[in-house]
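*Asks:* I have a structure here, written as structure tokens, and I will follow up with some questions on it.
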Amino acid sequence: MIVARDYKSFIEARSKLNGSVGFVPTMGALHEGHLSLIKKSISQNSATVVSVFVNPTQFLAGEDLNKYPRPESADIKICELAKVDILYMPTIEQMYNSDELKISAPKIRGYILEGANRPGHFDGVLQVVMKLLNIVKPTNAYFGKKDAQQLILIEQMVKDYFIDTNIVACDIVREPDGLAMSSRNIYLSPNQRIRALSISKALKRGVKMVQSGIYDTNQIKDTIRDVIEPEVDTIEYIAITDRRLKEINSIKLDDTIILIAVKIGSTRLIDNIWI
Ligand code: AMP
């Protein structure tokens, strides 16, 4: 595996790859969720590129940019063992110039849900993903449904900007007890971690309601609220939308996402389920 830390050495290594190239962009602190994307890429492409870059422009003032976990040597080892071809770990200076051109998230879908609670977050996400797709020029790029809105906006960006990459949506990987894997889970104390289980429990309850024939989304949202409210410190949103992120009043099978964002202590957690 080649570890490239600057654009020039990345381009040199990239030029030696033949056939289809799969790409998995990450912010590092790699876990089984990331690994499932990497494995999918390896199984579907001739070569796989992973990037680790904690992107400053997607963090808002006061968020966890400085304390975001950066276990660099563990990340390198994980990628090596997984048989990644190139690991790209650029510096901020390699990725950004001063007074540069900006990508803006769409005014509606970019400013609801995560975008309402973290205004400007998706400008930064789309900006860095655009850069990375242009650098890596992958055949396929792999994104987790864990970040549902991010995935949907990236699909839109690729379409709107005619980027020649196929976006592959990957299922959420969970701990055996249901907690969605996240690099931020390490912030949780043992007690907070137990309380965080209410999120996946509430999503499962929502699915059970749908399976029993309840399609009224307000009724489902009320039940979800009852499950998580006693356990979390803040509920940022409980939303039921279609796959274009439009709120719906009645469940549409194969076209629905239930999304939750909460805070437990100072840790922000998101999770969702696609029905
Ligand atoms: P991050 O490092 O948090 O920016 O995540 C990098 C990629 O991994 C994104 O496409 C995420 O959606 C995906 N990802 C993160 N956690 C999970 C998970 N538990 N299951 C599946 N994909 C995930």
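*Asks:* Being buried (at least 17 other Cβ atoms within 10 Å of the Cβ) and of a type in the set (D, E, K, R): is that true of GLU100 here? Talk me through it step by step, then tell me what you get.
*Replies:* Working: buried (at least 17 other Cβ atoms within 10 Å of the Cβ): no; of a type in the set (D, E, K, R): yes.
Answer is no for this residue.
*Asks:* Aromatic (Phe, Trp, Tyr) and within 14 Å of the ligand (Cβ to nearest atom): is that true of TYR161 in this structure? Reasoning before the result, please.
*Replies:* Details: aromatic (Phe, Trp, Tyr): yes; within 14 Å of the ligand (Cβ to nearest atom): no.
No; evaluated as a whole, the condition is false for this residue.
*Asks:* For a quick check of your reading: which helices (runs of 4 or more DSSP H) sit entirely within region 4-118 and have at least 1 residues that are within 16 Å of PRO138 (Cα to Cα) and away from the ligand (no atom under 15 Å from the Cβ)?
*Replies:* Values: elements: 7-14, 32-44, 72-82, 92-95, 114-117.
Fully inside region 4-118 and qualifying: 7-14, 32-44.
*Asks:* Then there is this: Could you list, in sequence order, all residues of region 146-161 that are under 16 Å from MET27 (Cα atoms) and open to solvent by 10 Å² or more (accessible area, probe 1.4 Å)?
*Replies:* LYS146, ASP147, GLN150
*Asks:* While we're here: Output the qualifying pairs, or none if there are none: Cβ atoms under 6 angstrom, residues six or more apart or on different chains, first residue in region 8-37 and free of Cβ contacts under 8 Å to residues at least 40 places away in the same chain, second residue open to solvent by 30 Å² or more (accessible area, probe 1.4 Å) and not in a helix (DSSP H, G or I).
*Replies:* GLY19/SER46
*Asks:* I need a count of the residues in region 144-162 that are within 14 Å of GLN127 (Cα to Cα) and in contact (Cβ under 8 Å) with a residue 40 or more places away in the chain.
*Replies:* The number of residues fulfilling the criteria is 3.
The values are calculated or read from the model by the stated rules, or taken from the named source; none is laboratory data. Note that the structure is predicted; figures quoted are calculated from it, not measured. Neighbour counts are summed over all protein chains in view; Cβ atoms, including those assigned to glycine, are modelled from backbone coordinates with ideal geometry. Protein only, heavy atoms only, side chains kept; ligands, DNA and RNA dropped before computing areas. Shrake-Rupley method; radii C 1.70, N 1.55, O 1.52, S 1.80 Å.
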